[in-house]
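J.: The structure under discussion is supplied below as structure tokens; questions concerning it will follow.
Any read-out appearing in this document is the output of simple, stated calculations on the displayed coordinates, not a laboratory observation. This is a predicted model, so every value here is computed, not measured. Here the Cβ is made from the backbone with ideal geometry for all residues, glycine too, and neighbour counts use every protein chain on show.
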Amino acid sequence: MSNYHIKHLEEYYQIYRKSIREPENFWEEIAEEHFLWRKKWNNVLSWDFSKPEIKWFEGAELNITENCLDRHLATRGDKTAILFEPNNPDETSEHISYRQLYERVNQMAHVLKNQGVKKGDRVCIYVPMIPELAVSILACARIGAIHSVVFAGFSSKALSTRINDSDCKLVITADGSYRGDKTIDLKGIVDEALNDCDSVKSVLVIKRIHSEITMKAGRDFWLQPLLDNAPKDGKAEIMKAEDPLFILYTSGSTGKPKGMVHTTAGYMVYTAYTFKNVFQYKENDVYWCTADIGWITGHSYIVYGPLCNGATTVMFEGVPSYPDFGRFWDIVQKYKITQFYTAPTAIRALAKQGTELIEQYDLSSLKVLGSVGEPINEEAWHWYNDNVGKRKSPIIDSWWQTETGGIMITPLPYVTPTKPTYATLPFIGVQPCIMDENGEELKGNQVDGRLCIKFPWPSIARTIWGNHQRYKDTYFSAYKNMYFTGDGALRDEVGYYRITGRVDDVIIVSGHNLGTAPIEDAINEHPAVSESAIVGFPHDIKGNALYGYVTLKESGESRDHTNLRKEINQIITEHVGPIAKLDKIQFTAGLPKTRSGKIMRRILRKIAEKDTSNLGDISTLLNPECVQDIIDEAL
Ligand code: 7RM
């Protein structure tokens, strides 16, 4: 994409208005100007949210990898595309140029083809954060196979469920993975999963930790020897605009995970255009998103968005705490990171460590700080702003979802004045609205309700794999002709949006609708508190009362709990009001979280309701072990 990006707020409003008035003209111009097409579209957009059916750039033909790789060869062949930082800082890092990446993707594409993978086949990628993960994704896209990446920390059961749901033909994995000072037996997990997966014909195994593993003859193949014999060039499969590019599973509030399907052209246009404007990437910048590629954030903003822009994107294999909590800052200093994109849960974990470590590093290269995944509470926002950005780098609190494919509500750095805990303004082309429970739109500012989107944007997921009815029921049935996000939001006096959390997290206390985020924010302001989570539990008079789970910073762990409870309720009274005071406060060592760092309030709610007989599947949690402790210590 060209290097131009939006420079001031007036320009944002101007472009925004155009994108809403004439969405088709607007996106057509972006698509024309910035991408490589084999054939242009006949029709920019057709849509019907009642079916629902959405098509962007129909009639167009392209291959997304030609946009990520081929077209950069002439001008950026030697530029680093992927900068790989291994788990162990003593192992050498890898700088993969655009040309090398192009060659590795072609080799992998040949290997997949030789295994019988064809256009439209599903390939499961269960690979840790090593370069082969990005290479595998791009190789699938190159030959038109649909990739389904499963986070390489999920259990064998979670893996087999996902493989079976989309009948994957082939699995790419590694012998094992490194995670801090531990190793994980990935191949063992795959073997166990495959006992239940008949669709899988072959498994390609990457050697990473050189562990002893068993290889099943005729099914399992070491990848490297196959790659060595494969040509470094190759033609990309020509894809239609609406051909599926990938499936990515996201957990629903109930039942089995939803395989969100993203298609080719719209996803490419939107992720590339948002990347460029939200991070304001310039040619020699070094961009780092700390997410795992197993999540949508990694798909869109480690792989596709950055590579479409010819950016240098960092892939970090490790964890923020290894060898110590200075690791992130060490990487920022070492590579002179310019854009740093992470999650509130990571910021809180790092803030818990104080500032002694971080002060030892030179972070002056940073220009833009991003946050994604959860509402960022006020305390974490300030810590991030003061200690990481030194009050010079704007914080881009970006709201979006697996389903939206790309960033939807966000400040633009150096353009949109930021406001702590606010995702601020819709991105170009995005038409959010706030609805009340009766299906009425709340117009004007200073309103609070449920967040919907009125009009399609190019990277909206098109369906749930194998279950279009569930897609319709989940996203298009709550409000007529609207995409329902499942999140609560408010719009302030200047039109800024604040995401207040999942609507299923709204608790009605004595008739007052209370979002969990503002209360948790208030609690987290207490100097002894590290993190908190609020849920409701039944109460005779109020209908629901509030139950708070609170983790303390090390410095706070020795504090008298009776006094702490009083102080916490005092802070809530000041920040939110006495209505939001907690009836019960349980101090606990950890909160149950998903692997992408979202607090699982569903489990905490059950514990607060004293209904722990069926907690559902907790095996995909980051820290399932904390659940029993919380039950044992429950009030
Ligand atoms: C990108 C991602 C989606 C859910 C979403 C929200 C929450 C994400 C923010 C946020 C407040 C944010 N995809 N969420 N970003 N809440 N502010 N900036 O996380 O599919 O895994 O999750 O995450 O509830 O609906 S996701």
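J.: What 222 nm value per residue comes from the helices of the chain, counting each DSSP H run with n ≥ 4 as -39,500 (n - 2.57) and dividing by all residues, nearest 500 deg cm²/dmol? Kindly include the intermediate steps, with their values, before the conclusion.
T.: Working: 19 runs with 181 residues, N = 635.
Theoretical 222 nm ellipticity from helices: -8000 deg cm²/dmol.
J.: Pairs of lysines 8 or more apart, or on different chains, with alpha carbons under 16 Å: count those in the stretch 489-635, would you?
T.: 7
J.: Give the calculated FRET efficiency between Thr75 and Glu212 to the nearest 0.05, with a Förster radius of 51 Å applied to their Cβ-Cβ distance. Mind showing how you got there, number by number?
T.: Working: r = 45 Å, r/R0 = 0.89.
So, using R0 = 51 Å, E works out to roughly 0.65.
J.: Between Glu32 and His468, how many nm apart are label points set 7 Å from Cα along the C-beta direction?
T.: Using points 7 Å along Cα→Cβ, the separation is 3.2 nm.
J.: Next up: For the stretch 170-180, what does the Karplus curve 6.51 cos²θ - 1.76 cosθ + 1.60, with θ = phi - 60°, yield as ³J(HN,Hα) per residue in whole Hz, taken in order and with x for Gly and Pro?
T.: Along the stretch 170-180, the couplings run 9, 10, 9, 8, 10, 4, x, 9, 9, 9, x Hz.
J.: Let me ask something else about it. I'd like the FRET efficiency for Ser477 and Ser321, computed as 1/(1 + (r/R0)^6) with the beta carbon distance as r and R0 of 41 Å, rounded to 0.05. Intermediate values should be presented prior to the final figure.
T.: Working: r = 42 Å, r/R0 = 1.04.
Efficiency for this residue pair is about 0.45.
J.: Run the simple label-point estimate for Ser364 and His539 please: 7 Å along Cα→C-beta, distance reported in nm.
T.: 5.3
J.: Which one of Ile302, Leu223, Ala272 is farthest out on the positive end of the charge dipole of the stretch 180-328, using unit charges on Cβ (Lys, Arg +1; Asp, Glu -1) and the Cα centre as origin?
T.: Highest projection toward the positive end goes to Ala272.
J.: Also: Check which residues have an amide H placed less than 5 Å from Val127's amide H, if you skip close sequence neighbours.
T.: It is Val150, Ala152, by chain and number.
J.: Excluding residues on the same chain fewer than 8 positions from Lys113, give the lysines whose Cα lies under 18 Å from its Cα.
T.: Here the lysines satisfying the reach criterion relative to Lys113 are Lys169, Lys201, Lys232, Lys235.
J.: A further question on this structure: Taking 0.36 nm per residue of separation and subtracting the Cα-Cα distance, what length does fully extending Ser93 through Ser558 add?
T.: Numbers: separation 465, 0.36 × 465 = 167.40 nm, distance 4.16 nm.
Fully extending the segment from Ser93 to Ser558 adds 163.2 nm.
J.: Another question, then. Report the normalised scattering of the stretch 341-441 as log10 I(q)/I(0) at q = 0.17, 0.23 Å⁻¹, calculated by the Debye formula with identical scatterers on the alpha carbons.
T.: For the stretch 341-441 at q = 0.17, 0.23 Å⁻¹, log10 I(q)/I(0) is -0.79, -1.25.
J.: Right, next: How far apart, in nm, are two points set 7 Å out from the Cα along the Cα-to-Cβ line at Gln14 and at Lys392?
T.: So the label points at Gln14 and Lys392 sit 3.0 nm apart.
J.: Which of the lysines could a cross-linker span from Lys480 if the Cα-Cα distance has to be under 26 Å and same-chain partners fewer than 8 positions apart are dropped?
T.: Lys18, Lys51, Lys55, Lys256, Lys258, Lys443, Lys454, Lys472
J.: What whole number of Å gives the distance from the Cα centroid of the stretch 109-142 to the Cα centroid of the stretch 325-350?
T.: So the two Cα centres are separated by 29 Å.
J.: A further question follows. Taking square-rooted eigenvalues a ≥ b ≥ c of the alpha carbon gyration tensor, is the stretch 130-265 rounded, prolate or oblate, where a/c under 1.5 means rounded and, failing that, a/b exceeding b/c means prolate? Can you show the working numbers first?
T.: Numbers: a/c = 1.67, a/b = 1.09, b/c = 1.53.
Oblate, because a/c is 1.5 or more while a/b does not exceed b/c.
J.: Using the 10 angstrom Cβ neighbour count as an exposure proxy, how do Trp41, Trp222 rank, fewest first? Before the final figure, lay out each step's value.
T.: Working: Trp41 20, Trp222 13.
Ascending Cβ contact count within 10 Å gives the list Trp222, Trp41.
J.: Subtract the Cα-Cα distance of Lys334 and Asn623 from 0.36 nm times their separation in residues, and report this length gain in nm to one decimal.
T.: Numbers: separation 289, 0.36 × 289 = 104.04 nm, distance 3.06 nm.
My answer for the length gained is 101.0 nm.
J.: Let me ask something additional. Place a label point 7 angstrom from the Cα of Gln224 along the Cα-to-Cβ direction, then list the residues of the stretch 115-147 whose backbone nitrogen is under 14 Å away.
T.: Only 132 fall inside the zone, counting backbone N under 14 Å.
J.: Continuing with this model, one more query. Apply the a/c threshold of 1.5 to the C-alpha gyration tensor of the stretch 233-294 and tell me whether it is rounded, prolate or oblate.
T.: Numbers: a/c = 2.11, a/b = 1.24, b/c = 1.71.
Judged from the Cα gyration tensor, the stretch 233-294 comes out oblate (a/c at least 1.5, b/c at or above a/b).
J.: PRE reach from Lys232 (point 7 Å along Cα→Cβ): which of the stretch 96-117 fall under 17 Å by backbone N?
T.: Under cut-off, by backbone N: 96-111.
J.: How would you rank Phe57, Phe587, going from fewest to most other Cβ atoms within 10 Å of each one's own Cβ? Show your work: numbers first, answer last.
T.: Numbers: Phe57 28, Phe587 20.
So the ranking, lowest neighbour count to highest, is Phe587, Phe57.
J.: Between the stretch 17-39 and the stretch 236-289, what is the separation of their alpha carbon centroids in Å?
T.: Cα centres, the stretch 17-39 to the stretch 236-289: 17 Å.
J.: Same structure, new question: Aspartates and glutamates within cross-link reach of Lys216: Cα-Cα under 19 Å, excluding same-chain residues under 8 positions apart?
T.: By straight Cα distance, Lys216 reaches Asp175, Asp185, Asp191, Glu192, Asp196, Asp198.
J.: OK, next. Just report the Cα centroid separation between the stretch 472-531 and the stretch 56-97, whole Å.
T.: 37
J.: Another question about this same structure. Which length gain, in nm to one decimal place, applies between Asp611 and Thr250 when the Cα-Cα distance is subtracted from 0.36 nm times their residue separation? Walk me through the intermediate numbers first.
T.: Numbers: separation 361, 0.36 × 361 = 129.96 nm, distance 2.53 nm.
Length gained, Asp611 through Thr250: 127.4 nm.
J.: Please list the non-local residues whose amide H lies under 5 Å from the amide H of Leu442, H modeled 1.01 Å from N, same-chain partners needing a gap of 5 or more.
T.: Ile434, Met435, Asp436
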